[in-house]
1. If you go through region 349-359 one residue at a time, do you hit one that is assigned by TED's automatic domain parsing to the domain that holds Ala565, modelled with pLDDT under 85, buried (at least 18 other Cβ atoms within 10 Å of the Cβ) and more than 28 Å from Ala496 (Cβ to Cβ)?
2. I'm told Leu643 meets every condition in (1) of a type in the set (A, V, I, L, M); (2) within 14 Å of the chain's Cα centre (by Cα); (3) within 30 Å of Asn252 (Cα to Cα) except one. Can you identify the failing condition by its number?
3. Of the residues that sit in region 495-528 and are free of Cβ contacts under 8 Å to residues at least 12 places away in the same chain and polar (S, T, N, Q), which one is nearest to Leu313 (Cα to Cα)?
4. May I ask you to verify whether Ala418 is part of a helix (DSSP H, G or I), of a type outside the set (D, E, K, R) and at pLDDT 85 or above?
5. Kindly check whether there is at least one residue in region 639-651 that is among the aliphatic types (A, V, I, L, M) and at positive phi.
6. From (1) among the hydrophobic types (A, V, I, L, M, F, W, C); (2) at pLDDT 75 or above; (3) closer than 30 Å to Val587 by Cβ, pick out the condition that doesn't hold for Ala281.
7. What are the residues in region 248-273 that are hydrophobic (A, V, I, L, M, F, W, C) and under 28 Å from Trp230 (Cβ atoms), if any?
8. Is it true that some residue in region 167-176 is of a type in the set (Ser, Thr, Tyr), surrounded by fewer than 18 Cβ atoms within 10 Å (Cβ to Cβ) and either modelled with pLDDT under 80 or under 16 Å from Leu23 (Cβ atoms) (or both)?
Amino acid sequence: MSTTDEPLRTAAPAAPPTPETGLDAAQVADRVAAGRVNRADVDTGRSVGQILRANVVTPFNGLLATLFVIILCTGRIQNALFGFVIVANTAIGVFQEVRAKRTLDRLAVLNAPRARVVRDGAVAEIAVEDVVADELLELRTGDQVCADGVVTVSAGLEVDESLLTGESDPIDKSPGDEVRSGSIVVAGTGRFLATAVGAEAYATALAAEAKRFTLTHSELVHGTNRLLRWISLLMLVVGPLLLWSQFHSDDNHGWRDAVTGAVAALVGMVPEGLVLLTSLAFMIGAVTLSRRDTLVQELPAVEGLARVDVVCLDKTGTLTHGDVVFDEVQLLVGADADDVDEALALAANVPDPNATALALQERFPAATWTATGGVPFSSARKWSALGTAERGTWVLGAPEMVLPDPVDDHERTARDRADRIAAQGRRVLLLAAAPGRLVGHEKDASLPAQLRPHALVVLAERVRDDAPDTMRYFLEQGVALKVISGDNPRTVGAVAASVGVPGVSGADDAVDARTLPEDLDELAEVLETKSVFGRVTPHQKRAVVAALQRKGHVVAMTGDGVNDAMALKDADIGVAMGNGSAATRSVAQLVLLDGRFSHLPDVVAEGRRVIANIERASSLFLVKNVYSLVLALITVVTVGAYLFEPIQLSLISNLTIGVPAFFLALGPNRRRYVPGFLRRVLRFSVPCGIVVGAAAYTGYAVIRAIDSSAGVAGGRTVATLVTLMCALWILVVLARPLAGWKVLLVGAMVAVIAVIVVVPAFATDVFLLHPTPKRVLVALVVGAAGAALVEVTARGVAFATRHRGGMDGDGVA
């Protein structure tokens, strides 16, 4: 109910004056021309120019470009192939990100917040960025204030400014009070005059951030960046030593050989495609989810939800459809049916009806009574009240809040009947009346004395058909579920039991949140054993999230109402329903555009696909970096020629890493998330990389020892073939389980290698290989031994990891 105990208060703001009818078209046009609009210089994600710079201007691209120019100076053009590969990879990355940006931008426009403005005497909805200075705006429950301003009209207006101040208590706003952008209307209605818009507004950035798609902190990104820092430091140390050894090696003849060897070693140590692949995987994951009506507002949320081990969800709008419908009225002893109908009709027909009022309107379309004042509903009070000229004061709300302590048989009977109805999974409200007037108004109102129950109003909620299957999925995946709702605990418990929430058999298993401890550590202990909670306040929802996080859980919070917004903001992953309030959508990382909770398993699966596949691809890249470092150190110690030409490293990188990693990163993968991405990648890549490096040097040394005509070129041929065999076996290990498309992928790489070896135009003229039967035989023997040792090493790592609790049985460390 949005009436108050006194008439609506209005205040005329200081100049420039804006009439009660709002600005006219000419005034709006003047302000638009002057640039006094609510636009911030923030786009939905990076611009095309920023995408180009981010993909092209990187430290490693700069290093590779320098090495590319140096190789060109040697005159050995074919060894410069790695430069063109980098260009191709970067072009693919730019293309995919621009394509993803355009897809996500379209979704952002469709999901952008709207504002209600008064212009030429009429209320209209416009985009937030089209609001101009001196605009007269209308506020309703659930709206997010989009500009700074001064309240001119208030009807029980309460706003939550915790996004700005951290203070969770709603603040009563009267005419003349200031409202700031970013705050959220939690009760009542009103109007305000916009005094600061766009960049001048206090929190315009909050609305812009709701549409921004960014690569923020994630375990994958953080781990990848650490790897890049370590590799950079190693290159700074090894590079000068390598250059010295190549110029002093007897195997090199002239500065061209020395420079070529040093460049090859440094190119091998650059993980040129790792960052690109990570960004691409996030982007493609976001676009994939967009096809399933899920808007990803922060790209690492795709990964983050894969790490979630607790999902907190509301009942209304998640387990149920949220569109409550009127069921019945049960009159209590002594109640007058006509009075009850009139009181409910008056409660239903308010200027800004909530879901309950809308449900009552179908049954009680009009009232003849006159309202003299009242208190609007708020999630903190859980009741509303109105005064009438004919029959005193009437209160409608949660039975346990309207009658917290029954004092006689009549009140106890009313509470018992309400509890029995709630236990059936239906929503029940208590309608009570008192002869006196309300004490106070709006925020500080208290229940009148001599309040007597007259009727129970029963509303029904439809349980979503897909809710049981969704609950079952999370249970199978080892994700704990916590149902936290503002409704009656017994109602919440009955619904939770009907959809199969673990540990809940009926209404009695739900916990009344009013009995929960305030201490976060004590609250965390309760949360470890209980799963369903009713009568949870917005402040308690935030406390639940904080308590679970204190226990080390990664928490996802779902919600659709304005009372969920702060909990969504605090959670590791906030999931908003597309049909929910604008405030809730603005702070969430994910928005389920069609409001279907059943999409969450798709999101979890996509997150797991991304994080597991990037881990595999990262292992491929890092193995190459490790064996390149091993061979560089061997070269420094032996003062010999480096084992590869740059063109040969390009061949190895593309056929065993670049092309396979791209397909692996995009392929299906339902492996459960296991913490410790960087540690696990290093645990696999370092020993396997050492094995590959040792095998390559063994092949190089053996052929030079038994074939006097081999020389450096013959040794490099064998080393290249051995490395190809070992690296392909690492690909086989990381691709397990070997589905048909993976076998085809590996087979295609083997076929390409075979063609290159047997066709002289490719082998000798392009890749500088000089195969002979003896060299191929040595390469096969040493390569097979190296591959066998890779298998043994991988199994040993997997065994050790399993016993440390870091494996999930998929065969990949």
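The values are calculated or read from the model by the stated rules, or taken from the named source; none is laboratory data. A quick note: this is a predicted structure, and the numbers were derived from the prediction, not measured. Please note: Cβ atoms are built from the backbone with ideal geometry, for glycine as well, and neighbour counts cover all protein chains shown.
1. no
2. Tallying (1) of a type in the set (A, V, I, L, M); (2) within 14 Å of the chain's Cα centre (by Cα); (3) within 30 Å of Asn252 (Cα to Cα), Leu643 fails exactly one: (2).
3. Filtering region 495-528 for residues that are free of Cβ contacts under 8 Å to residues at least 12 places away in the same chain and polar (S, T, N, Q), the one nearest to Leu313 (Cα to Cα) comes out as Ser505.
4. In short, yes.
5. yes
6. The failed condition is (2).
7. Result: Ala258, Val259, Ala262, Val263, Ala264, Ala265, Leu266, Val267, Met269, Val270.
8. Yes - at least one qualifying residue is present in region 167-176.
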